[in-house]
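Working notes, beginning with the structure itself.
The values are calculated or read from the model by the stated rules, or taken from the named source; none is laboratory data. If you're wondering where the values come from, they're calculated on a predicted model, not measured in any experiment. Please note: Cβ atoms are built from the backbone with ideal geometry, for glycine as well, and neighbour counts cover all protein chains shown. SASA here: full protein model, heavy atoms, side chains in, ligands and nucleic acids out. Shrake-Rupley method; radii C 1.70, N 1.55, O 1.52, S 1.80 Å.
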Amino acid sequence: MTEATTESQRSRGMRDLLPDEMERVRAVKDAFAATCRAWGYREIRTPVIEPLHLFTAAGTLSPQTLDRVYSFLDWDGWSGERVVLRPDSTIPAARLYAEHLDGGRVAKLFYSQNVFRFTDDGSDREETQCGVELIGDTGSAGDIEVVLLALDVLARLAISDITVGVSHAGIVRAVLAAAGLSAEEQGAAYDRLLDGDMSVVDEVEARLPQLNAPLRLLFEVDGAGEGFITNLRGPLVSAIPALAAPFDELESVVAALEEGGDAPRINAVLARSFEYYSGIVIRIESAGQRIVAGGRYDELIGLVGGKRVPASGFALYVAPIVAAMPEPAHDDQPLSIALRTQDYSAPATVAMYAAARQLRSAGFVVETVEGMHMASARNVIVSGDGSSFQHEDNRTYDSVEALIIALNAGGAR
């Protein structure tokens with residue numbers, strides 16, 4: 001006999017999902033898919049393995065992100081291609097669009113799939129994402145739609161304590177470009193800002209002697225609504241005219257969200273994928289945890305081989321949403337029945353499975369082999385000839401139909 005081991009055989013950074021958690025994950029995916037379909041979106045899926053060059057093309061992912069991909073050589077005879085486990089879903093969706101759907105019409109797509117990234121801090125290396133991509137020239141209406149669609153999904157899941165953050169990637173780009181930083185230097189400076197290194201602000205201010213307002217108002221303070229944008233716009237746009245267009249786009253989206261009762265917070269530094277976001281950026285949190293992130297990426301499809309097509313989208317992070325979901329209500333679950341037969345002869349077994357089929361068609365959960373999750377099931381014994389059904393309350397019914405009527409009426413509960 002082999003001794004049981006207490007050490008997990010799972011790969012580091014990977015997770016098992018047990019039945020109860022899997023039910024909650026499925027509830028998130030089902031609510032997400034149902035909401036997307038109700039908004040006119042259609043489902044896609046991209047391969048788990050993609051060529052590495054898709055993610056290195058024209059800087060679609062930063063060197064820091066590429067350092068964390070799972071890559072290996074896909075052998076083909078004596079030659080091979082470097083491939084990766086999908087580290088991101090938006091870039092493969094952009095490739096899919098460029099190769100199959102670029103016909104000039106707006107594509108409304110959604111997916112539910114996993115991404116893989118190497119980590120050394122104990123966090124998950126495999127992450128389940130549900131995502132939406134709205135590809136086509138939709139303007140600010142598209143930016144507003146993806147925010148409202150994300151909020152609709154969260155409402156369906158009864159997620160509370162939600163904070164909506166909105167920004168515009170062009171704001172940081174305009175400031176860093178005005179300071180004379182190269183594209184590579186801008187990416188490095190943005191990463192430092194994300195890590196909370198506010199010394200970047202001092203360095204940029206030193207390069208902008210014409211600036212009369214402290215940049216810390218922009219990078220350190222978040223505020224609500226159009227009024228906050230107006231307070232930032234005046235002193236900053238006069239010193240950096242390139243900020244006018246991003247502020248205009250941000251203001252139009254914020255105004256629409258406020259009008260609908262969803263007052264967002266404005267924060268200049270939100271996006272984690274600075275490499276491809278080009279416009280409005282969104283981040284939704286619940287109890288301080290990021291549960292939705294996304295934004296506009298007008299240049300990405302052109303970078304992966306297609307024509308330049310405007311696009312916007314978001315990813316919904318399943319694990320923190322499962323943690324934020326309220327406890328499921330069990331009183332609306334279908335009644336479970338443990339169906340057995342007296343002697344398990346061939347006729348009795350056939351009769352039992354025929355009865356199980358009818359009960360399942362009527363909406364009941366029926367087990368004919370005892371499982372570990374059926375403790376609350378109602379026990380029903382099928383007679384040897386299949387002519388009667390004895391419920392655990394000792395009532396006997398002479399047909400499946402009579403049993404179903406009693407169960408639905410509560411008489412056999």
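Details
- Residue of Thr56, Thr341, Thr46 that the Gaussian network model of the chain assigns the largest fluctuation, springs spanning Cα pairs under 10 Å: Thr341
- In plain terms, the bigger the Kirkwood radius, the slower the diffusion; for the chain, with that radius from Cα pairs, at 25 °C and 0.890 mPa s, Stokes-Einstein puts D at 98 µm²/s.
- Computed extension gain for Thr163 through Phe228, at 0.36 nm per residue and net of the alpha carbon distance, reaches 21.8 nm.
- Gyration tensor over alpha-carbon atoms, segment 347-409, equivalent ellipsoid semi-axes in Å: 16, 14, 12
- Summing charges over neighbours of Leu85, with a neighbour being any other residue whose Cβ is under 13 Å away from its Cβ, gives 0 when K and R count +1 and D and E count -1.
- Convex hull volume of the Cα atoms of segment 110-169, normalised per residue: 155 Å³.
- What the Cβ-Cβ distance of Ser336 and Asp121 gives, at R0 = 56 Å and to the nearest 0.05, is a FRET efficiency of 0.85.
- Cubic angstrom per residue, convex hull over Cα atoms of segment 1-140: 196 Å³
- Working note: Cα gyration tensor of segment 145-227, eigenvalues times five, square-rooted, sorted largest first, giving semi-axes of 31, 14, 12 Å.
- Annotation: per residue accessible area for the chain equals 50 Å², rounded to a whole number [probe 1.4 Å, protein chains only].
- Only Lys, Arg, Asp and Glu carry charge here, each on its Cβ (+1 for the first two, -1 for the last two); on that basis the chain has a dipole of about 680 debye about its Cα centre.
- Dipole check for segment 114-190: with +1 at the C-beta of Lys and Arg, -1 at the C-beta of Asp and Glu, and the Cα centre as origin, the magnitude is about 160 Debye.
- Here segment 145-185 was treated as a single set of alpha-carbon atoms; its pair distances binned every 10 Å from 0 give 23, 31, 18, 22, 6 percent.
- Kirkwood Rh (inverse of mean 1/r, distinct Cα pairs), segment 89-216, angstrom: 18.4 Å
- Mean Kyte hydropathy of -1.0 or more with a Cα span along the axis of at least 24 Å, helices from DSSP in the chain: 19-38, 139-156
- Highest average packing first - 84-91, 99-106, 177-184, 152-159, Cβ atoms within 10 Å: 84-91, 152-159, 177-184, 99-106
- Here the chain exposes an accessible surface that is 50 percent carbon and sulfur, computed with a 1.4 Å probe and the other protein chains kept in place.
- When the alpha carbon gyration tensor of segment 85-141 is reduced to an equivalent ellipsoid, the three semi-axes, largest first, read 28, 12, 9 Å.
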